[in-house]
Each structure stands twice: as C-alpha cells, then as structure tokens.
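Some notes on the structure that comes next.
The values are calculated or read from the model by the stated rules, or taken from the named source; none is laboratory data. In this text the structure is predicted, and so the values were computed from the model without any measurement.
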Amino acid sequence: MRLQLSTAHTTTTARDRRDTLAAVLRELANQWDAFELWVTQLAFPFQVVLAIVVVLPLCWGVAGVLDRAVDAAVLLGARRRPARRQAGRPTDRT
C-alpha cells in the first residue's frame, strides 16, 4: 500500500472510512494469523508456559472486573428496594 500526501483539501466519505476500517481489520487479522503460526511452531512446553503467563493474569483480571460489577449491581438493587420497617410493624399472626 502506498501513501500519497495531497495538499488539496479532500472530504472523507463514508466509503473512504469503510475502506480504511476494512484495511485496518484485514491487517489485524494478518497479524493475528502470524502470531498463531508462531505459537503453533513452538515446542509444547513453551506453549504451556506462554499460555499460563498470558491466560492466568487475563482470567484473574476478568474475574476481578466481574466481581466488582456484581457488587455494584447488588448495591444498586439494595438502594432501589424500599427499606422495610422492623419496629412498629403489625404482625400477620393472630
């Protein structure tokens, strides 16, 4: 791909943006394919170590984010629920 600079003012159209996005996504897919090829060519013990070094911290981080999200949802639900009055409440027992 060749980059040409122009001094004339040009407007960006939706098609230009779509083509640029497609090019970026294509390059991202190519880089991912190259990384996968590199990993699959490693010896198995190195693949295991690489997976542990990458996946373990990633899972730990996702679990932490989910924990905080659930805590926030529970607190939000507790605030929205009307408080029940314990003292002076009539009982249903006769």
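Annotations
- Residues that are part of a helix (DSSP H, G or I) and at pLDDT below 95 do occur in the stretch 4-15.
- Candidates Arg68, Arg93, filtered to the one that is of a type in the set (Lys, Arg) and at pLDDT below 85: Arg93
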